[in-house]
Amino acid sequence: MFEARLVQGSLWKKLLESIKDLLNEAIFDCSSTGITLQAMDSSHVSLVSISMNSDGFDTYRCDRNLSMGIHLPSLSKIMKCAGNDDIITMKATDDADTVSLVFESQNNEKVSDYEMKLIDLDTEHLGIPETEYSCVVKMPSSEFQRICRDLSQLGDSVVIACTKEGVKFSASGELGTGNIKLCQSASTDKEEEAVVVDMNEAVCLTFALRYLNFFAKATPLSAQVQLSMSKDVPLVVEYKISELGFLRFYLAPKIED
Amino acid sequence: GTMQGRMDSFFSIV
C-alpha cells in the first residue's frame, strides 16, 4: 500500500507544470523514505531529478517499494482538476496498474477522486556524481525567468560568466547582443531577493536558452533558484519544493565544435 | 561554433 497526503496540494500542481513540457513520461519511485524521479528529455540534453521526502508529507505510507510509470501530460491534466487550495492524496495498492488521486477541499465539503492508468516504462538511470562546483549562484527565481525570456529575443544560447563580483548573462544573434549583469547583493535583508555568489574559480559556460526557459516554468515553486556550474560539466538549476525536497534540472553545456 | 552536449556523455548510465 502506498499513500501520500499533501495538505499543500498546489505543490503537486506546480511540480507537474514545471516538468510536463520537458518530459512525456517518467517513473515515480516510491519508497519508505519518499518519492524520487529521474528522467532525461527525449533528446538527452537535459535531466530532471525530483526528491520529495516522506517527512514533508502530512501522511505518508509506503509498505513496499513501488515504481509508477506515469504519462506526465495525463497526470498534469488530472492535477488541473484539483483546486489550488485542495489537499491532494496519491494512492496505489501494491502491484497496481493504476494510481488514485483524491482532491479534498479545505472545508471537506467537496471530495473528488480520479484514477489514472500507469504505463510500463524502461528507463535508463544516470549516476550523477557528487560534485564540488566552481560557482554556485543563488538568485530570485523570477529574475532568472526574466533573464532567460529576455535573452531569448536575441539568440538561442546564453553565455553565463561568473566571477566573485557577480554573474553576467549574454546572448547574441542577428539583431545584436545583450548583456545582463547581476551583482552580488550588498545586504541580505530580504533573503528571497538576494543574489549570492559562492565562487572557487571563475567559469564561463554556454547553454541553450530553449531548455532554460523550460526549467524556468518551475518559478512558482520557489522564490529562489540555485545555479551550480563547473567547466565542462552540466549546469544544475535547483528549485526547493517547500519542506518536501527539491526539483533539479541538469543541462549539458554547449561545447566548442 | 558550438555543439550541444548530451547528458549521457557526462554521466554514466547505471
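Laboratory data are not the source of any read-out in this text; all were calculated from the coordinates shown. In this text the structure is predicted, and so the values were computed from the model without any measurement. Cβ atoms come from the backbone with ideal geometry, glycine included; neighbour counts cover every protein chain shown.
Does any residue in segment A:239-254 that is more than 14 Å from chain B (Cβ to nearest Cβ) come within less than 8 Å, Cβ to Cβ, of a residue that is among the β-branched types (Val, Ile, Thr) and outside any strand (DSSP E or B) six or more places away or on a different chain, and which pairs are these?
A:239/A:219; A:247/A:19
Only one of these is of a type in the set (A, V, I, L, M, F, W, C), buried (at least 20 other Cβ atoms within 10 Å of the Cβ) and in contact with a Phe, Trp or Tyr (Cβ under 8 Å, 6 or more places away or on another chain): A:208, A:171, A:216. Name it.
Going through A:208, A:171, A:216 in turn, the sole match is A:216.
Out of the residues in segment A:203-238 meeting the condition of being under 18 Å from residue A:171 (Cβ atoms) and outside any strand (DSSP E or B), tell me which one is farthest from the other protein chains (Cβ to nearest Cβ).
Restricting to residues being under 18 Å from residue A:171 (Cβ atoms) and outside any strand (DSSP E or B), the top hit is A:216.
Considering only residues of segment A:22-42 that are within 14 Å of chain B (Cβ to nearest Cβ) and farther than 12 Å from residue A:66 by Cβ, which is farthest from the chain's Cα centre (by Cα)?
A:42
Are any of the residues in segment A:180-191 closer than 30 Å to residue A:127 by Cβ and in contact with a strand residue (DSSP E or B) (Cβ under 8 Å, 6 or more places away or on another chain)?
Within segment A:180-191, the first condition is being closer than 30 Å to residue A:127 by Cβ, and the residues that meet it are none.
No, segment A:180-191 has no match at all.
Select, from A:207, A:249, the only residue that is under 25 Å from residue A:14 (Cβ atoms) and out of contact with any helix residue (DSSP H, G or I) (no Cβ under 8 Å at 6 or more places or on another chain). Break it down into steps so the answer makes sense when it comes.
Working: A:249 fails: out of contact with any helix residue (DSSP H, G or I) (no Cβ under 8 Å at 6 or more places or on another chain).
Just one listed residue meets the conditions, A:207.
Within segment A:55-77, is even one residue part of a strand (DSSP E or B), under 23 Å from residue A:249 (Cα atoms) and free of Cβ contacts under 8 Å to residues at least 12 places away in the same chain?
No, segment A:55-77 has no match at all.
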